[in-house]
Structure formats: structure tokens, C-alpha cells
Protein chains: 2
Amino acid sequence: MTDQTAIQTQILDAFAFRHATKEFDAARKIPETEFTTILEAARLSPSSFGLEPWQILVVQDHDKRALLEDVAWGANGRMNGSKGQLYTASHFVIFLAHRGQTMRHGSAYLDRHLREVKHFPEEALGGFKGAFAKFQTSDFNIDSDPQITDWSARQAYIALGNMMTAAALLKIDSCPIEGFEMAPVTEILGREFGVDTEALKPAVMAAFGYRASPPRHPQSRRAAEDAIRWI
Amino acid sequence: MTDQTAIQTQILDAFAFRHATKEFDAARKIPETEFTTILEAARLSPSSFGLEPWQILVVQDHDKRALLEDVAWGANGRMNGSKGQLYTASHFVIFLAHRGQTMRHGSAYLDRHLREVKHFPEEALGGFKGAFAKFQTSDFNIDSDPQITDWSARQAYIALGNMMTAAALLKIDSCPIEGFEMAPVTEILGREFGVDTEALKPAVMAAFGYRASPPRHPQSRRAAEDAIRWI
């Protein structure tokens, strides 16, 4: 078996392994270096224009997790009679999407990001900022605060996917969670988690750990010919 | 080195390898089995409620690629004086996001997907459909066609991220592309690519191949403490 063939098998095995884990073995913790690798997969993910328009909260305080119980039906286990991801996950993550305050073209935040993170030379800044302004106002027409926030969330989903894939390669389970009520979660994050909800909005959650039991259902997806067309 | 340590190194190496490739070596084609693995990483990606609300076009016909030249500034190379991804990529992909016609709760498409792809038993269908209707209309408040399309696009970005990561693990380069003008691209896809633009809207493009030259800039990202907060 060549290296390339072995890596293909490893990738396909990881995607076969991964499923939306409903309940984790609460006694098992992900080793610190392995979770650091999973977080690095997020941090090093690509994003549009390199703007990294998201933040990650890693919620390890179980009292904080409990605050989400009644407003995160996709994580409290009630729908499927399990103990839920909130209480059993080794690591529980909330992705926050940047809103217009930081991600609208011309913002002070973007200026700082381009200079201090992207190390743009002064002479290249103007061209970049012009291209980004055109992108927002014309190409993609995402000029309102909700539209900018949605665009930020899209970039977060790249990082989310990469975290779950890195985990699966390490035989670590995960579950992405959109099953929450946006308004009360936003309110709780502002009040109890110190999130500036004028600048950030919750996008998606994800739980990581080790499955408590085998998946209840076999993996199901559209056939390749229904999802992919060659031209 | 334990297996887990070796896999961590392999993951971090892949994320260090990956960069937004501006120009590919047009003479080098990705072997068919390897690109199939990259497509499988998309097809087997998770999505909200398991609804897979995206389609992939793999555009290998260079006459079709040329139709996008003037409306995809992120792929035509003009901004950076390269030959561009459109002409040099081994494989060029367009993600399409499902619109409200198929992804609004109660649609005939969703009903068929739940029965034929997800193999939902008849007695579970009602509960699932109710939960999804509540999710769209109340939890996430995404009831308009643009909002539903944006939500579909988010799911596509999970698959996009996984394709690029699978490629990087195989030492294959890639570039995600939001640099295009939405309105004319949509019009061209409808007229020349046979896309039903009442049902589908372009979300993002991606090019795959082998870099023509080393990256021009070192990789730059926020520090972990600026992107991630532990609670």
C-alpha cells in the first residue's frame, strides 16, 4: 500500500467513524495535547479574506453549561432520552460570529487585524480594503448586520468542520449542535459568559468526547450522483 | 512516538501545508482516486438535521470555466498577476446552496430526503418535521428565502473545509474562492451550466491542484489567546 493509498483509507475511515454523538462517556477526558490539536485545526482554518471572523468559547465549567440546559434542546438529551452532550462531553465549544461592528468594511477592528495579524504592508492596505468593501457592498451584497453575521458564521463552519475531522482522525467523537434557541442563548451568553453581544452572536455549538454507546443508526447520505455533478 | 502523537503531527503538518494557492501547476492532475476521496470528504460531511442542503459542480470543461473569467476576480489571477486558479486548477468546484423551494420546512424535497436518504420510519417523521419547523421559524428565525439559502451555505462550508483538509492530508493544494460577483455568476450558471437558480444559489468555489510556486507569504493567524477563550 503506498503512502497516498494509506492516507486515503485513513481519511475515509475517519469520515465513517464520525457521527453526531448524542451521549458521551462522561468519565473519559480528551488528553490536553489532543484537544489542543483539535483547537489548532480551528485556529489554522482558512477564512474569507483571512479575516477569521469568529471566536471560540470552550465551556468547561459545568455550572455554566447548566445555564444552557433549557435553551439548547439539541444538547440536553431530552429529545432522545440520553444524558445529553452538555453534561457528558469532555469539551464543549460555542462558536461566536463577528457582527457588523467588527466585520463591516472600514472598521477599526479590521484595520488592526490587517496590520497586526496579517502584517499587510502599508502600500497594500488600500487595495485590500477597497476589494473587501466592493465584496461586501456589491459582489455578495452583505451590508446589513444580520448578513455580515451570517457571512462570519459561514467561516466559523469551516473551522467547525475541521475540528470534527481532526477529532475523528484521532478517534475522538463529536457532535455539531444548531439545536438551540438563538434569542435566550444570546441573552445568557451576554449576562453570564461575559460575551459582548453587540459585537458577537452565537453561531453553532459543538461537543467533543468519547461515545457512550455505538451509533443508533447507520450513516446515511445521498449517493454521490445525487450530490455531485461533473461538467 | 505513539500513534496518537503521530496523527497529531500529521494533522498539524496538513494545516501548515495548506494555503490559498493562487496558481497551480497546470500540467499536474490529481489522480482520480485521490480526488474521489476529497469528494467523499464533502459527501460524508455532517450537516444540520442531516439535510445536506448543497450540491457540488465539478467544472472540468475549460470552456465552461472561461465563462466565469470576468466575474470571478478571486479566480482569474488578475489581482495578483498570476495565471489564476480557473485555468490552472486540476479540479474546480462550485458549491450551490439549496434555497427555500427545497429547504423550507414542509417541502416535498425534504419529505423525500427524510424517507429515501435518511430512512426515517413513518412514526418518527412527524416529530422530526415539527422540530425542524420550530428550528426554522422560531429557534434560528430563518424563514425568508435569503436566510434559508444562507443557512444552506453554512452547511456547504463544513464540506468545503473538509475537502481542503482531506486534500492537504494528501499533499494536494487548494484555494477557497468567495471572490466572485454573485448576480452574474448566478445568471451564467443558470444559462450555461444548467443550474436551476430558482432552487439553488452559488455559495462558494474551490480550486484543487498542485502549487506552481511556494506561498508568497508566511501563514498568519491570530494567537490562540485572541481566538479562543476558556470558561
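The values are calculated or read from the model by the stated rules, or taken from the named source; none is laboratory data. Since the model is a prediction, treat every value here as computed from it, not as a measurement. Cβ placement follows ideal geometry from the backbone for every residue including glycine, while neighbour counts extend to all protein chains displayed.
Quick notes
- Selection within segment B:166-182: residues that are in a helix (DSSP H, G or I), touching a residue at least 60 places away in the same chain (Cβ under 8 Å) and touching a strand residue (DSSP E or B) at 6+ places or on another chain (Cβ under 9 Å). The member of this set that is surrounded by the fewest Cβ atoms within 10 Å (Cβ to Cβ) is B:Ala168.
- Selection of segment B:41-76 for residues being facing chain A (nearest Cβ under 7 Å) and β-branched (Val, Ile, Thr) yields B:Ile56, B:Val58, B:Val59.
- Every test in (1) closer than 17 Å to B:Arg191 by Cα; (2) over 20 Å from the mean Cα position of the chain (by Cα) is passed by B:Ala72 save one, and that test is (2).
- The set of residues in segment A:72-115 being among the aliphatic types (A, V, I, L, M), crowded, with 20+ Cβ neighbours inside 10 Å and closer than 30 Å to A:Leu51 by Cβ consists of A:Ala72, A:Ala75, A:Ala89, A:Val93, A:Ile94, A:Leu96, A:Ala97, A:Met103, A:Leu110.
- Scanning segment B:168-199 for residues that are within 21 Å of A:Gln155 (Cα to Cα) and in contact with a Gly (Cβ under 9 Å, 6 or more places away or on another chain) returns B:Asp173, B:Ser174, B:Cys175, B:Pro176, B:Ile177, B:Glu178, B:Gly179, B:Phe180.
- Meets criteria (hydrophobic (A, V, I, L, M, F, W, C), within 13 Å of the chain's Cα centre (by Cα) and surrounded by 17 or more Cβ atoms within 10 Å (Cβ to Cβ)) for B:Met163: yes
- Summed over segment A:16-36, the residues that are in contact (Cβ under 8 Å) with a residue 40 or more places away in the chain and part of a loop (DSSP other than H, G, I, E, B) give a count of 10.
Conditions tested, residue by residue: (1) modelled with pLDDT of 95 or more; (2) of a type in the set (S, T, N, Q).
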{"position": "A:Gln136", "(1), (2)": "yes, yes"}
{"position": "A:Asp143", "(1), (2)": "no, no"}
{"position": "A:Ile148", "(1), (2)": "yes, no"}
{"position": "A:Trp151", "(1), (2)": "yes, no"}
{"position": "A:Gln155", "(1), (2)": "yes, yes"}
{"position": "A:Ile158", "(1), (2)": "yes, no"}
{"position": "A:Ala167", "(1), (2)": "yes, no"}
{"position": "A:Leu170", "(1), (2)": "yes, no"}
{"position": "A:Cys175", "(1), (2)": "yes, no"}
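- Segment A:127-161, subset aliphatic (A, V, I, L, M) and part of a helix (DSSP H, G or I), residue farthest from B:Trp151 (Cα to Cα): A:Ala131
- With respect to the conditions (1) within 21 Å of A:Glu187 (Cβ to Cβ); (2) of a type outside the set (Ser, Thr, Tyr); (3) without any contact (Cβ under 8 Å) to a residue 24 or more places away in the chain, A:Arg112 lacks only one, and its number is (1).
- The residue list B:Val93, B:Val71 contains one member that is modelled with pLDDT of 95 or more, in contact with a strand residue (DSSP E or B) (Cβ under 6 Å, 6 or more places away or on another chain) and in the same structural domain as B:Tyr157 (by TED's automatic domain parsing), which is B:Val93.
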